[in-house]
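Report on the structure given below.
The values are calculated or read from the model by the stated rules, or taken from the named source; none is laboratory data. Since the model is a prediction, treat every value here as computed from it, not as a measurement. Heads up, the Cβs are rebuilt from the backbone with ideal geometry, glycines too, and the neighbour counts pull from every protein chain shown.
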Amino acid sequence: MPLPNDILPGIPIVESPLFHSIIDDLNLTPAERRIALDLNQRGYAVFDFPDDQLGERIDRIKSYLAPRFDVDMADERSIKNSGQLNRVQDGWVYNEDIRAIASNAAVLDLLEKLYGRRPFPFQTLNFPVGTQQPLHSDSIHFSSLPERFMCGVWLAMEDIHADAGPLTYLPGSHKWPILSNAMIGRRGFDSPRDLAQEPFQSAWDALVEASGEQRETFVARKGQALIWAANLLHGGSLQRNPKLTRWSQVTHYYFENCIYYTPAFSDEALGLFDLRNVVDVATEQLRPNCYLGELLESEPVRSSFLARVKGRFRAPPPGVPSDFDPDVYYRLNPDVAVAKLDAAAHYANHGKAEGRRYRFR
Ligand SMILES: O=C(O)CCC(=O)C(=O)O
Ligand SMILES: [Fe+2]
């Protein structure tokens, strides 16, 4: 029997224009079917997080993270966001419960049914309070080729109060065009690394205004989770009561057999891709960039598209191994990140002699 998604395998099932002719062949339970329909129509779906140890995990995560949100951030593990007090990125590196939530097998199985490819978690974010982030699409941070093979799963780690700045989103916005640098008239490749979201904000705001659509908020119960589609506009609503916490974990997932890259720093039409070295949180293995089953790093590279992409891959400086990834080095050596040192230079000049790790197991 042909696979249900064999006509357009490069489009996630829940985002496919053929979704309604495929859904009956997916063997979904009634609950899974409801999730699939919500994701397809609204761009998000709510479900109860399937983990019978969730309560204990949440308690342990909070007691592990709480001291890290104190004013003294010398020991802050949040690498890329080390200026901000409201999040810990990739806490899974240090905390097994964060990792277990990200790697939950039932969630992975569910996402596989919904997308038609096997997912893997590649990033975690833990928040003790609301983010108050403006509405944005994660697609400019982490996208894939083919596109839309990415989603976020947001988990409430306490009952969320309406005044605590709950997660907010614009239903249906996942169907809008995925904004690119070309669309906003900007070059992305080699542009300043601290500017990812900001150049796109006025365009998103204008789209929201023009749509007339109303945002919704997720005033979640502890243990409820929400999947958002790759391009759903979402953010944190206003925190009306500054004393309230809003403990949550976001896990971002990619799917197998894709190219993973950061569109904010890419100019796709020129073959200039800011490729990502993504690590599977569940296995700590690098997930190589693949295009139609072909490893990007593999030889021979046949298509000119792949050759261009490969040619633009940033080469490491001298004295640094070819598989060196500054992000991974920062995650494994938080003191280097906190000190804001250049990762490659630190490794070449000190880290190597000190026997520091630069890759996961
Ligand atoms: O939790 C929030 O307020 C938003 C988080 C978010 O935008 C993300 O993790 O991608
Ligand atoms: Fe986001």
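Regarding segment 155-177, can at least one residue be identified that is within 16 Å of ligand 2 (Cβ to nearest atom), surrounded by fewer than 16 Cβ atoms within 10 Å (Cβ to Cβ) and farther than 30 Å from residue 51 by Cα?
Within segment 155-177 (the criterion being within 16 Å of ligand 2 (Cβ to nearest atom), surrounded by fewer than 16 Cβ atoms within 10 Å (Cβ to Cβ) and farther than 30 Å from residue 51 by Cα), the answer is no, since none of the residues qualifies.
When segment 147-161 is examined, which residues are found to be in contact with a helix residue (DSSP H, G or I) (Cβ under 8 Å, 6 or more places away or on another chain) and either acidic (Asp, Glu) or part of a loop (DSSP other than H, G, I, E, B) (or both)? Step through it out loud before you land on a result.
Applying the first criterion (in contact with a helix residue (DSSP H, G or I) (Cβ under 8 Å, 6 or more places away or on another chain)) to segment 147-161 yields 147-153, 155, 157-158.
Across segment 147-161, the qualifying residues are 147, 148, 149, 157, 158.
With the requirement that a residue be more than 15 Å from the chain's Cα centre (by Cα), more than 15 Å from ligand 2 (Cβ to nearest atom) and not in a helix (DSSP H, G or I), what does segment 89-146 give you?
Across segment 89-146, the qualifying residues are 94, 95, 104, 116, 117, 118, 128, 129, 146.
If you go through segment 162-187 one residue at a time, how many are in contact with a His (Cβ under 7 Å, 6 or more places away or on another chain) and assigned to a loop (DSSP other than H, G, I, E, B)?
Final tally of qualifying residues: 0.
Name the residue, out of 8, 3, 39, that is in a loop (DSSP other than H, G, I, E, B) and at pLDDT 95 or above.
8
Within segment 132-142, can one find any residue that is under 24 Å from residue 56 (Cα atoms), crowded, with 22+ Cβ neighbours inside 10 Å and at pLDDT 95 or above? Step through it out loud before you land on a result.
So in segment 132-142, the residues under 24 Å from residue 56 (Cα atoms) come out as none.
No: zero hits.
I need the full set of residues from segment 269-291 which are closer than 18 Å to residue 89 by Cβ and of a type in the set (Gly, Ala, Ser), in order please.
Residue satisfying the conditions is 282 alone.
I'm trying to understand the selection: among the residues of segment 320-355, which are buried (at least 18 other Cβ atoms within 10 Å of the Cβ) and among the hydroxyl-bearing types (Ser, Thr, Tyr)?
Listed by number, the residues that qualify are 329, 330, 347.
Report, ordered by the first and then the second residue, all pairs with beta carbons closer than 6 Å, sequence separation of six or more or different chains, a first member in segment 137-148 that is within 15 Å of ligand 1 (Cβ to nearest atom), and a second member that is assigned to a helix (DSSP H, G or I) and among the small types (Gly, Ala, Ser).
Once the first residue is within 15 Å of ligand 1 (Cβ to nearest atom) and sits in segment 137-148, its partners that are assigned to a helix (DSSP H, G or I) and among the small types (Gly, Ala, Ser) give 140/264.
When the residues of segment 246-272 are narrowed to those that are in a loop (DSSP other than H, G, I, E, B) and modelled with pLDDT of 90 or more, which ends up farthest from ligand 2 (Cβ to nearest atom)? Steps first, answer last, please.
First, pick out the residues of segment 246-272 that are in a loop (DSSP other than H, G, I, E, B): 246-247, 256-258, 262, 266, 271.
Imposing the further condition that a residue be modelled with pLDDT of 90 or more reduces the set to 246-247, 256-258, 262, 266.
On the way: 246: 15, 247: 17, 256: 22, 257: 24, 258: 19, 262: 13, 266: 18 Å.
Among those that are in a loop (DSSP other than H, G, I, E, B) and modelled with pLDDT of 90 or more, it is 257.
Within segment 195-228, track down each residue that is exposed (fewer than 13 other Cβ atoms within 10 Å of the Cβ), out of contact with any Asp or Glu (no Cβ under 7 Å at 6 or more places or on another chain) and not in a helix (DSSP H, G or I).
212, 214
Residue check: is residue 176 at pLDDT 95 or above and closer than 19 Å to residue 61 by Cβ?
No: the conditions fail for residue 176.
Mind checking which residues of segment 229-244 are crowded, with 18+ Cβ neighbours inside 10 Å and either within 13 Å of ligand 2 (Cβ to nearest atom) or over 22 Å from residue 173 (Cα atoms) (or both)? Spell out the reasoning first.
Initial filter on segment 229-244 (crowded, with 18+ Cβ neighbours inside 10 Å): 229-237, 239.
Matches in segment 229-244: 229, 230, 231, 232, 233, 234, 235, 236, 239.
Only one of these conditions is not met by residue 320: (1) β-branched (Val, Ile, Thr); (2) at pLDDT 60 or above; (3) part of a helix (DSSP H, G or I). Which number is it?
(3)
Tally up the residues in segment 11-30 that are among the β-branched types (Val, Ile, Thr) and outside any helix (DSSP H, G or I), please.
The qualifying residues number 2.
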